[in-house]
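For reference, the structure is listed below as structure tokens.
The values are calculated or read from the model by the stated rules, or taken from the named source; none is laboratory data. Because the structure is predicted, anything quoted here is derived from the model rather than measured. Here Cβ is always computed from backbone atoms with ideal geometry, including for glycine, and neighbour counts include all displayed protein chains.
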Amino acid sequence: MTGQAPAATPVTVAGRVLPLPGRTVRRVVRAVVAGERRRAAISVTFLGPTAMRRLHRAYKGPDRPTDVLAFALDGRPGEVVGDIYVCRAVARREAAARGIPEREELVRLVVHGTLHVLGYDHPEGPNRTRSSMWRRQEAYVRGLA
């Protein structure tokens with residue numbers, strides 16, 4: 001499922017501290033966009049737990065930081081525009097709990113957010129990891145992490 005998106009796929013990477021190199025984030029986002037045969041402009045911002053908690057509370061309700069939030073926005077016809085926010089502190093905790101490298105979890109979250117921006121969704125709860133979105137995500141992670 002990995003592929004090369006056209007160089008025209010704009011990917012902006014921001015944050016005070018980047019836990020993944022910008023080129024890695026751009027490569028991951030572009031691979032997912034190309035693999036899904038879509039056109040998109042996506043920004044990925046790395047936030048600390050306090051900023052992520054505020055964003056999570058404002059848009060989703062729970063008053064706690066989460067690992068990733070993704071928002072699809074209106075773009076030009078045929079193009080998806082979206083913002084992805086990733087919290088390294090939560091990703092680090094989840095990676096440690098699962099016994100996997102932090103880098104792998106960060107790649108997973110960028111893939112996850114990109115799939116959400118492209119319109120994929122999954123159920124909450126235990127069926128989440130059995131959903132078609134999750135299976136698709138894990139295929140990308142295997143090729144990109």
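Restricting the range 85-116 to residues that are farther than 14 Å from Val141 by Cα and of a type in the set (Val, Ile, Thr) leaves a set whose member that is surrounded by the fewest Cβ atoms within 10 Å (Cβ to Cβ) is Val90. Pairing each residue of the range 108-129 that is of a type in the set (Asp, Glu) with any residue that is at pLDDT 90 or above, provided the two are 6+ apart or on different chains, yields C-beta distances under 9 Å for Asp121/Leu115; Asp121/Met133.
Evaluate the following for Arg76: is it at pLDDT below 90, surrounded by fewer than 16 Cβ atoms within 10 Å (Cβ to Cβ), out of contact with any helix residue (DSSP H, G or I) (no Cβ under 6 Å at 6 or more places or on another chain) and over 18 Å from Leu115 (Cα atoms)? Spelling it out, Arg76 is indeed at pLDDT below 90, surrounded by fewer than 16 Cβ atoms within 10 Å (Cβ to Cβ), out of contact with any helix residue (DSSP H, G or I) (no Cβ under 6 Å at 6 or more places or on another chain) and over 18 Å from Leu115 (Cα atoms).
From the list Leu55, Leu47, the lone residue that is over 20 Å from Thr9 (Cβ atoms), out of contact with any helix residue (DSSP H, G or I) (no Cβ under 8 Å at 6 or more places or on another chain), in contact (Cβ under 8 Å) with a residue 24 or more places away in the chain and not aromatic (Phe, Trp, Tyr) is Leu55.
Within the range 1-24, residues that are basic (Lys, Arg) reach no partner that is surrounded by fewer than 17 Cβ atoms within 10 Å (Cβ to Cβ) and at pLDDT below 95 with beta carbons closer than 6 Å at six or more positions or on different chains.
For the range 117-134, the tally of residues that are under 15 Å from the mean Cα position of the chain (by Cα) and surrounded by 12 or more Cβ atoms within 10 Å (Cβ to Cβ) stands at 7.
Annotation note: of Pro21, Pro62, Pro49, the sole residue that is of a type outside the set (Lys, Arg) and within 17 Å of Glu104 (Cα to Cα) is Pro21. Quick one: is Arg88 at pLDDT below 95 and either more than 17 Å from the chain's Cα centre (by Cα) or on the phi < 0 side of the Ramachandran plot (or both)? Criteria not met by Arg88.
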